[in-house]
1. Among the residues that make up the stretch 38-46, is at least one of them modelled with pLDDT of 90 or more, surrounded by fewer than 21 Cβ atoms within 10 Å (Cβ to Cβ) and within 11 Å of ligand 2 (Cβ to nearest atom)?
2. Would you mind stating whether ALA370 is at pLDDT 95 or above and either among the acidic types (Asp, Glu) or surrounded by fewer than 18 Cβ atoms within 10 Å (Cβ to Cβ) (or both)?
3. Go through the stretch 192-237 and count every residue that is in a helix (DSSP H, G or I) and either in contact (Cβ under 8 Å) with a residue 60 or more places away in the chain or hydrophobic (A, V, I, L, M, F, W, C) (or both).
4. Looking at the stretch 25-69, which of the residues that are part of a helix (DSSP H, G or I) and closer than 14 Å to THR173 by Cβ is farthest from ligand 3 (Cβ to nearest atom)?
5. Filter the stretch 170-191 down to the residues that are in a loop (DSSP other than H, G, I, E, B) and in contact with a Ser or Thr (Cβ under 9 Å, 6 or more places away or on another chain) and list them by number.
6. Any residue that is of a type outside the set (Asp, Glu), without any contact (Cβ under 8 Å) to a residue 24 or more places away in the chain and more than 19 Å from ALA262 (Cα to Cα) - is there at least one of those in the stretch 360-369?
7. Out of the residues in the stretch 161-195 that are within 16 Å of ligand 2 (Cβ to nearest atom) and modelled with pLDDT of 95 or more, which is surrounded by the fewest Cβ atoms within 10 Å (Cβ to Cβ)?
Amino acid sequence: IEDPASRVLSQVFGHVSFRGPQQTVIEHVIAGFDALVLMPTGGGKSLCYQVPALVLDGVAVVVSPLIALMHQQVEHLLRLGVPAASLDSSQSGQDNFQTEQALLRGDVKILYVSPERLSGQRLPGLLDRVQLSLFAIDEAHCVSQWGHDFRPEYMTLSMLGRRWPDVPRLALTASATEATAQEIIARLGLPEARVFRTSFDRPNLDYRIVAKDDVRRQLVRFIQEINHTGHDPASGIVYCASRARTEQIASWLRDSGLTALAYHAGLDNADRQTRQRQFISQPGCVMVATIAFGMGIDKPDVRFVAHVDVPRSMEGYFQETGRAGRDGQAAVAWMCWGLDDVARASRPSDQQQSQQRLLVQQQAYEEMLAFCASSTCRRQTLLAHFGEAIAPCGHCDNCLAGSPDMDVTIAAQKLLSA
Ligand code: ADP
Ligand code: MG
Ligand code: ZN
């Protein structure tokens, strides 16, 4: 006989089997225990709380850092026939009021909320009046002060365990060094949580890092090469460090006959949504974006992620490249780095930061530069950062080249004289 979780998986979500540790996590949460789930982007973290939410009585409350992300999940669940809703500041008072009424009637199974709502007065008061099945804290690394997505409101979430001690809590993240995991446990007050960790290896991703000389020519050639190997023009994301650069590079790509859009936080909401939709639906579309683009984008057939500027940390690099090849088919993570990236090391991204935070950011960036300059297997270095030891992969640029090690200064000198 099928267990309730498997039944929900097939009947509601239409999937045949659980992936990785999903089933163990789900059983653990259904049994009423806390958990911390560390799984790479695209690993299937959502089901870890959505399935228990549908098996258990009461409403599951999901904390999510981005309104767009919440809406996307709610829409998806509603399409599957799951009574889901969200409470957030983007909706009218009337809409939020209706959601509250539905919640009190017991008509909501999964409620997405921003962390701000939980630290206010109103929502906790309402939650006291309903039966709760679980709390899920998605993107839990947002609680990490030294991480790249720090959200101060996440710090207040430790109150969940004090106010509702009998409700199981599940923290989930794709950004998980051992230090981050420990920080999540400490700051969310989850000392009893069982930690579920899957390998962060993405075997279908090929890592390639090249020295910058003429970015425009290099990028276009790279994309053409990808298109040449496949049947269709490939969808991909090009990450840049600034808004201005996204516009510039998108227009270069269009001049080369590619379909390209720019995306950054400076665009208005409607524009961002239109472009996001175009990227998802139009084959062969290249999104040239700042890191404002990506979290929550569930497009399985992204064939490449290109970085024309070095990201600020290994976590950032891993997250961003992780958006390629979610369908399990071959995909390439390509990065082009040069002197301008080395120069950026001495410039803080935000003057308002504390000294300690600046130092951490600088170290993270230097680690990224060392990664670029290194001739060790890319996958091995990347996974070592997440505490995993593997043998050289045999198909990243370094494994294929087998060149001797360079340090950052030598690499910079080489670039200068080139
Ligand atoms: P994450 O939050 O870890 O980045 P998601 O929960 O968004 O990942 O899941 C990524 C994709 O994988 C989604 O399209 C989801 O439908 C799919 N998926 C997750 N679990 C399964 C499964 N057991 N079987 C098939 N598809 C799955
Ligand atoms: Mg997710
Ligand atoms: Zn390798």
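1. As a first pass, look at the stretch 38-46 and keep what is modelled with pLDDT of 90 or more: 38-39, 44-46.
Keeping just the survivors that are surrounded by fewer than 21 Cβ atoms within 10 Å (Cβ to Cβ) gives 44, 46.
Still in the list and also within 11 Å of ligand 2 (Cβ to nearest atom): 44, 46.
Yes, the stretch 38-46 contains at least one residue that is modelled with pLDDT of 90 or more, surrounded by fewer than 21 Cβ atoms within 10 Å (Cβ to Cβ) and within 11 Å of ligand 2 (Cβ to nearest atom).
2. Values: at pLDDT 95 or above: yes; either among the acidic types (Asp, Glu) or surrounded by fewer than 18 Cβ atoms within 10 Å (Cβ to Cβ) (or both): yes.
So ALA370 fits the description; yes.
3. First pass over the stretch 192-237, keeping only residues in a helix (DSSP H, G or I): 215-229.
If we keep only those that are either in contact (Cβ under 8 Å) with a residue 60 or more places away in the chain or hydrophobic (A, V, I, L, M, F, W, C) (or both) too, we end up with 215, 218-220, 222-223, 226.
The total comes to 7.
4. If we filter the stretch 25-69 for residues that are part of a helix (DSSP H, G or I), which is where we start, we get 25-30, 46-55, 67-69.
Adding the requirement that they be closer than 14 Å to THR173 by Cβ leaves 25, 46, 48-49, 69.
On the way: VAL25: 30, SER46: 30, CYS48: 30, TYR49: 34, LEU69: 32 Å.
Among those that are part of a helix (DSSP H, G or I) and closer than 14 Å to THR173 by Cβ, it is TYR49.
5. From the stretch 170-191, those in a loop (DSSP other than H, G, I, E, B) are 174-177, 189-191; that's our starting set.
The answer is ALA174, SER175, GLY189, LEU190.
6. Taking the stretch 360-369 as the starting set, the residues that turn out to be of a type outside the set (Asp, Glu) are 360-365, 368-369.
Next, from what is left, pick out any that are without any contact (Cβ under 8 Å) to a residue 24 or more places away in the chain: 362-363.
Right, trim to more than 19 Å from ALA262 (Cα to Cα) and you get 362-363.
The answer is yes, given that some residue of the stretch 360-369 is of a type outside the set (Asp, Glu), without any contact (Cβ under 8 Å) to a residue 24 or more places away in the chain and more than 19 Å from ALA262 (Cα to Cα).
7. Restricting to residues being within 16 Å of ligand 2 (Cβ to nearest atom) and modelled with pLDDT of 95 or more, the top hit is LEU172.
Okay, residues lined up against (1) of a type in the set (D, E, K, R); (2) farther than 19 Å from THR41 by Cα; (3) away from ligand 2 (no atom under 16 Å from the Cβ):
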| position | (1), (2), (3) |
| --- | --- |
| GLN224 | no, yes, yes |
| THR229 | no, yes, yes |
| ALA234 | no, yes, yes |
| TYR239 | no, no, yes |
| ARG254 | yes, yes, yes |
| GLY257 | no, yes, yes |
| LEU261 | no, yes, yes |
| ALA292 | no, no, yes |
| VAL308 | no, yes, yes |
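The values are calculated or read from the model by the stated rules, or taken from the named source; none is laboratory data. The model shown is predicted, which means the values in this text are computed figures rather than measured ones. With ideal geometry, Cβ positions are generated from the backbone for all residues, glycine too; neighbour counts draw on all protein chains shown.
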